[in-house]
Amino acid sequence: MSPGLVTRLSGIADEASPSLAQQLKCHSILGWRNIELRSVNGKQISALQRAELQAVAASIRHSGLSVSCLCSPIAGWSRSADFPIEKELQEIDRLAILGNEIQCKYIRIMSYNENCIDGSRKQLIFDRIKRIVGHASDRSMIILHENCTGWGGQNAENTLKLIDAVDSDQFGILFDTGNGGAHNYNSAEFLSAIIPYVRHVHIKDYTFTSRGNEENIAYTFPGNGSGTVFKCIRMLEHAGYSGHYSIEPHINSIPHLCIGKKERSIDPTYTEYAKRFQRDMESIIVNR
(Lines give C-alpha, C1' and ligand atoms only; values in the text may rest on other atoms or scores of the structure.)
Protein backbone atom coordinates (compact mmCIF):
# COMPACT_ATOMS: atom_id res chain seq x y z
CA MET A 1 0.00 0.00 0.00
CA SER A 2 1.15 3.52 -0.79
CA PRO A 3 2.77 5.36 2.16
CA GLY A 4 0.46 8.30 1.48
CA LEU A 5 -2.66 6.18 1.62
CA VAL A 6 -1.74 4.09 4.64
CA THR A 7 -1.87 7.16 6.87
CA ARG A 8 -5.40 8.07 5.77
CA LEU A 9 -7.39 4.83 6.10
CA SER A 10 -9.24 4.08 9.31
CA GLY A 11 -12.28 2.15 10.49
CA ILE A 12 -14.85 2.01 13.27
CA ALA A 13 -13.47 -1.22 14.53
CA ASP A 14 -16.25 -2.47 16.81
CA GLU A 15 -17.81 -3.63 13.54
CA ALA A 16 -14.82 -5.96 13.20
CA SER A 17 -15.14 -7.28 16.75
CA PRO A 18 -16.41 -6.08 20.14
CA SER A 19 -13.02 -7.07 21.60
CA LEU A 20 -10.47 -4.24 21.68
CA ALA A 21 -7.64 -6.75 21.27
CA GLN A 22 -9.25 -8.10 18.11
CA GLN A 23 -10.00 -4.63 16.80
CA LEU A 24 -6.34 -3.72 17.08
CA LYS A 25 -5.24 -7.05 15.62
CA CYS A 26 -7.57 -6.62 12.63
CA HIS A 27 -6.22 -3.19 11.72
CA SER A 28 -2.63 -4.31 12.25
CA ILE A 29 -3.16 -7.27 9.89
CA LEU A 30 -4.65 -4.91 7.32
CA GLY A 31 -1.52 -2.79 7.56
CA TRP A 32 -3.56 0.27 8.47
CA ARG A 33 -2.09 2.79 10.90
CA ASN A 34 -5.35 4.17 12.25
CA ILE A 35 -8.41 2.96 14.10
CA GLU A 36 -11.63 4.65 15.21
CA LEU A 37 -13.13 3.84 18.60
CA ARG A 38 -16.82 3.63 19.47
CA SER A 39 -17.19 0.66 21.83
CA VAL A 40 -14.63 -1.72 23.30
CA ASN A 41 -15.22 -5.01 25.05
CA GLY A 42 -18.97 -4.45 24.96
CA LYS A 43 -18.97 -0.91 26.42
CA GLN A 44 -19.30 2.50 24.85
CA ILE A 45 -15.98 4.31 25.29
CA SER A 46 -17.77 7.32 26.79
CA ALA A 47 -19.02 5.05 29.60
CA LEU A 48 -15.56 3.79 30.61
CA GLN A 49 -14.12 4.84 33.93
CA ARG A 50 -10.63 6.24 34.43
CA ALA A 51 -8.88 2.89 35.03
CA GLU A 52 -10.59 1.39 31.97
CA LEU A 53 -9.70 4.42 29.86
CA GLN A 54 -6.07 4.19 30.91
CA ALA A 55 -6.03 0.48 30.03
CA VAL A 56 -7.45 1.26 26.58
CA ALA A 57 -4.83 3.98 26.09
CA ALA A 58 -2.06 1.56 27.07
CA SER A 59 -3.33 -1.04 24.56
CA ILE A 60 -3.48 1.58 21.80
CA ARG A 61 0.07 2.74 22.49
CA HIS A 62 1.33 -0.85 22.58
CA SER A 63 -0.32 -1.58 19.22
CA GLY A 64 1.45 1.31 17.51
CA LEU A 65 -1.84 2.46 15.97
CA SER A 66 -3.25 5.98 16.04
CA VAL A 67 -6.88 6.81 16.78
CA SER A 68 -8.61 8.97 14.19
CA CYS A 69 -11.79 9.80 16.14
CA LEU A 70 -13.75 8.94 19.28
CA CYS A 71 -17.40 8.19 18.45
CA SER A 72 -19.69 9.20 21.28
CA PRO A 73 -23.46 8.95 21.90
CA ILE A 74 -23.52 12.63 22.90
CA ALA A 75 -26.59 14.37 21.42
CA GLY A 76 -27.17 11.14 19.53
CA TRP A 77 -30.10 9.20 18.10
CA SER A 78 -31.21 7.88 21.51
CA ARG A 79 -31.37 11.33 23.17
CA SER A 80 -33.58 14.39 23.02
CA ALA A 81 -32.45 17.89 23.92
CA ASP A 82 -33.93 17.29 27.39
CA PHE A 83 -31.26 14.70 28.20
CA PRO A 84 -29.27 15.88 31.27
CA ILE A 85 -26.49 18.09 29.93
CA GLU A 86 -24.28 17.38 32.96
CA LYS A 87 -24.15 13.71 31.99
CA GLU A 88 -22.97 14.68 28.51
CA LEU A 89 -20.31 16.99 29.91
CA GLN A 90 -19.11 14.13 32.10
CA GLU A 91 -18.83 12.00 28.97
CA ILE A 92 -16.68 14.73 27.41
CA ASP A 93 -14.47 14.64 30.52
CA ARG A 94 -13.97 10.88 30.21
CA LEU A 95 -13.32 11.01 26.48
CA ALA A 96 -10.81 13.81 27.01
CA ILE A 97 -8.87 11.60 29.42
CA LEU A 98 -8.52 9.01 26.66
CA GLY A 99 -8.06 11.47 23.82
CA ASN A 100 -5.29 13.41 25.48
CA GLU A 101 -3.43 10.20 26.36
CA ILE A 102 -3.47 8.91 22.77
CA GLN A 103 -3.28 12.27 20.94
CA CYS A 104 -6.75 12.01 19.43
CA LYS A 105 -8.58 15.35 19.40
CA TYR A 106 -11.86 14.51 17.64
CA ILE A 107 -15.12 13.57 19.38
CA ARG A 108 -18.14 12.69 17.20
CA ILE A 109 -21.57 13.93 18.26
CA MET A 110 -24.99 14.49 16.64
CA SER A 111 -27.70 17.07 17.46
CA TYR A 112 -30.42 15.13 19.26
CA ASN A 113 -33.36 13.13 18.00
CA GLU A 114 -35.50 16.21 17.36
CA ASN A 115 -37.07 16.14 13.92
CA CYS A 116 -40.03 18.50 14.31
CA ILE A 117 -39.19 21.40 16.57
CA ASP A 118 -40.31 24.97 17.12
CA GLY A 119 -37.99 27.95 17.48
CA SER A 120 -37.42 27.48 21.19
CA ARG A 121 -36.37 23.85 20.72
CA LYS A 122 -33.99 24.85 17.96
CA GLN A 123 -32.41 27.47 20.21
CA LEU A 124 -32.10 24.87 22.97
CA ILE A 125 -30.14 22.64 20.60
CA PHE A 126 -27.91 25.54 19.56
CA ASP A 127 -27.21 26.44 23.19
CA ARG A 128 -26.46 22.85 24.22
CA ILE A 129 -24.12 22.15 21.30
CA LYS A 130 -22.33 25.42 21.93
CA ARG A 131 -21.86 24.48 25.58
CA ILE A 132 -20.61 21.00 24.62
CA VAL A 133 -18.11 22.49 22.17
CA GLY A 134 -16.84 24.98 24.74
CA HIS A 135 -16.48 22.29 27.40
CA ALA A 136 -14.55 20.07 24.99
CA SER A 137 -12.35 22.94 23.85
CA ASP A 138 -11.35 23.64 27.45
CA ARG A 139 -10.09 20.05 27.55
CA SER A 140 -8.17 20.33 24.26
CA MET A 141 -10.77 18.37 22.29
CA ILE A 142 -12.59 19.22 19.05
CA ILE A 143 -16.25 18.38 18.45
CA LEU A 144 -17.37 17.00 15.07
CA HIS A 145 -21.06 16.88 14.17
CA GLU A 146 -22.14 13.96 11.99
CA ASN A 147 -24.75 14.31 9.26
CA CYS A 148 -26.93 11.73 10.97
CA THR A 149 -29.99 11.62 13.22
CA GLY A 150 -30.67 15.02 14.72
CA TRP A 151 -31.77 18.49 13.73
CA GLY A 152 -28.40 19.48 12.31
CA GLY A 153 -28.21 16.38 10.12
CA GLN A 154 -31.60 16.63 8.44
CA ASN A 155 -30.23 18.68 5.55
CA ALA A 156 -27.27 20.85 4.59
CA GLU A 157 -29.16 24.05 5.42
CA ASN A 158 -29.60 22.97 9.03
CA THR A 159 -25.96 21.93 9.23
CA LEU A 160 -24.84 25.38 8.10
CA LYS A 161 -27.20 27.07 10.56
CA LEU A 162 -25.73 24.97 13.36
CA ILE A 163 -22.18 25.88 12.33
CA ASP A 164 -23.10 29.57 12.31
CA ALA A 165 -24.82 29.31 15.70
CA VAL A 166 -21.91 27.56 17.41
CA ASP A 167 -19.33 29.80 15.72
CA SER A 168 -16.18 28.04 16.89
CA ASP A 169 -12.97 26.80 15.28
CA GLN A 170 -13.27 23.83 17.65
CA PHE A 171 -16.41 22.64 15.86
CA GLY A 172 -16.48 20.90 12.50
CA ILE A 173 -18.32 18.33 10.43
CA LEU A 174 -17.96 14.57 10.23
CA PHE A 175 -19.39 13.63 6.85
CA ASP A 176 -20.81 10.14 6.36
CA THR A 177 -21.30 9.11 2.73
CA GLY A 178 -24.00 6.57 3.63
CA ASN A 179 -26.44 8.57 5.72
CA GLY A 180 -28.33 10.11 2.82
CA GLY A 181 -30.54 7.08 2.33
CA ALA A 182 -31.90 7.10 5.86
CA HIS A 183 -32.41 10.87 5.81
CA ASN A 184 -33.66 11.36 2.25
CA TYR A 185 -30.95 13.41 0.58
CA ASN A 186 -28.29 12.93 -2.08
CA SER A 187 -24.91 12.60 -0.35
CA ALA A 188 -22.93 14.44 -3.02
CA GLU A 189 -25.38 17.36 -3.04
CA PHE A 190 -25.26 17.56 0.75
CA LEU A 191 -21.46 17.45 0.71
CA SER A 192 -21.15 20.22 -1.88
CA ALA A 193 -22.82 22.65 0.53
CA ILE A 194 -20.79 21.83 3.63
CA ILE A 195 -17.45 20.67 2.20
CA PRO A 196 -15.31 23.52 3.67
CA TYR A 197 -16.20 22.35 7.18
CA VAL A 198 -15.48 18.62 6.78
CA ARG A 199 -12.68 17.35 9.04
CA HIS A 200 -13.39 13.61 9.10
CA VAL A 201 -15.21 11.16 6.82
CA HIS A 202 -17.12 7.92 7.40
CA ILE A 203 -17.52 5.49 4.51
CA LYS A 204 -20.84 3.65 4.12
CA ASP A 205 -22.93 2.74 1.11
CA TYR A 206 -26.52 1.59 0.81
CA THR A 207 -29.26 0.33 -1.47
CA PHE A 208 -33.03 0.46 -1.14
CA THR A 209 -35.06 -2.74 -0.86
CA SER A 210 -38.85 -3.00 -1.03
CA ARG A 211 -40.73 -5.13 1.45
CA GLY A 212 -44.46 -4.73 1.26
CA ASN A 213 -45.32 -1.06 1.27
CA GLU A 214 -42.20 -0.01 3.18
CA GLU A 215 -38.93 1.17 1.71
CA ASN A 216 -35.95 -0.25 3.54
CA ILE A 217 -32.22 0.29 3.44
CA ALA A 218 -29.61 -2.43 3.05
CA TYR A 219 -25.94 -1.57 3.43
CA THR A 220 -23.45 -2.76 0.86
CA PHE A 221 -19.81 -2.57 -0.20
CA PRO A 222 -18.62 0.93 -1.19
CA GLY A 223 -19.43 1.81 -4.76
CA ASN A 224 -22.17 -0.83 -5.05
CA GLY A 225 -24.99 1.36 -3.77
CA SER A 226 -26.62 4.77 -3.98
CA GLY A 227 -24.31 6.69 -1.66
CA THR A 228 -22.18 8.26 -4.43
CA VAL A 229 -19.22 7.24 -2.26
CA PHE A 230 -16.41 7.71 -4.74
CA LYS A 231 -17.93 10.84 -6.24
CA CYS A 232 -17.88 12.29 -2.71
CA ILE A 233 -14.27 11.22 -2.20
CA ARG A 234 -13.20 12.85 -5.46
CA MET A 235 -15.03 16.02 -4.44
CA LEU A 236 -13.23 16.02 -1.10
CA GLU A 237 -9.82 15.41 -2.64
CA HIS A 238 -10.39 18.16 -5.21
CA ALA A 239 -11.30 20.54 -2.37
CA GLY A 240 -8.04 19.76 -0.57
CA TYR A 241 -9.33 17.45 2.14
CA SER A 242 -6.38 15.63 3.71
CA GLY A 243 -8.02 13.82 6.63
CA HIS A 244 -9.02 10.22 7.28
CA TYR A 245 -11.49 7.99 5.49
CA SER A 246 -12.95 5.67 8.12
CA ILE A 247 -15.01 2.64 7.08
CA GLU A 248 -18.30 1.89 8.84
CA PRO A 249 -19.67 -1.09 6.87
CA HIS A 250 -22.95 -1.66 8.74
CA ILE A 251 -23.27 -4.93 6.81
CA ASN A 252 -23.03 -7.48 9.64
CA SER A 253 -22.86 -5.18 12.65
CA ILE A 254 -25.01 -2.18 13.59
CA PRO A 255 -23.53 0.23 16.19
CA HIS A 256 -25.98 -0.11 19.07
CA LEU A 257 -26.04 -3.90 18.72
CA CYS A 258 -22.33 -4.01 19.61
CA ILE A 259 -22.99 -2.81 23.14
CA GLY A 260 -22.91 -5.70 25.59
CA LYS A 261 -21.31 -8.15 23.17
CA LYS A 262 -17.87 -9.58 23.84
CA GLU A 263 -17.23 -12.11 21.06
CA ARG A 264 -13.53 -12.24 20.25
CA SER A 265 -13.54 -13.29 16.58
CA ILE A 266 -12.94 -10.87 13.70
CA ASP A 267 -15.80 -10.43 11.25
CA PRO A 268 -14.45 -11.44 7.81
CA THR A 269 -16.90 -9.08 6.10
CA TYR A 270 -15.21 -6.13 7.80
CA THR A 271 -11.78 -7.16 6.54
CA GLU A 272 -13.12 -7.80 3.03
CA TYR A 273 -14.79 -4.37 3.06
CA ALA A 274 -11.51 -2.80 4.16
CA LYS A 275 -9.49 -4.54 1.44
CA ARG A 276 -11.95 -3.59 -1.31
CA PHE A 277 -12.03 0.02 -0.16
CA GLN A 278 -8.25 0.16 -0.01
CA ARG A 279 -7.95 -1.10 -3.59
CA ASP A 280 -10.45 1.48 -4.81
CA MET A 281 -8.70 4.27 -2.94
CA GLU A 282 -5.38 3.39 -4.53
CA SER A 283 -6.76 4.41 -7.90
CA ILE A 284 -8.28 7.66 -6.57
CA ILE A 285 -5.58 9.02 -4.27
CA VAL A 286 -2.34 7.35 -5.29
CA ASN A 287 -2.84 7.68 -9.04
CA ARG A 288 -4.48 11.10 -9.18
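The values are calculated or read from the model by the stated rules, or taken from the named source; none is laboratory data. Just so you know, these numbers come straight off a predicted model, no measurement behind them. Glycine also receives a Cβ, built like all others from the backbone with ideal geometry; neighbour counts cover every protein chain displayed.
With a requirement of 3 or more residues that are modelled with pLDDT under 90 and hydrophobic (A, V, I, L, M, F, W, C), none of the helices (runs of 4 or more DSSP H) lying completely within region 196-288 satisfies it.
For Gln49, the criteria (1) over 14 Å from Arg94 (Cβ atoms); (2) in contact (Cβ under 8 Å) with a residue 40 or more places away in the chain hold in every case but one, which is (1).
Annotation note: Cβ proximity below 9 Å between a residue of region 133-146 that is polar (S, T, N, Q) and a residue that is surrounded by fewer than 24 Cβ atoms within 10 Å (Cβ to Cβ) and assigned to a helix (DSSP H, G or I) (sequence gap 6+ or interchain) occurs for Ser140/Ala96; Ser140/Asn100. Quick check on region 57-69. Is at least one of its residues under 16 Å from Asp93 (Cα atoms) and not aromatic (Phe, Trp, Tyr)? Yes; the residues of region 57-69 include at least one that is under 16 Å from Asp93 (Cα atoms) and not aromatic (Phe, Trp, Tyr). Checked against the criterion of being under 22 Å from Phe175 (Cα atoms), crowded, with 16+ Cβ neighbours inside 10 Å and of a type in the set (S, T, N, Q), region 83-103 has no qualifying residue. Region 112-190 holds helices (runs of 4 or more DSSP H) entirely within its bounds, and those carrying 1 or more residues that are touching a His at 6+ places or on another chain (Cβ under 8 Å) map to 119-138, 156-166.
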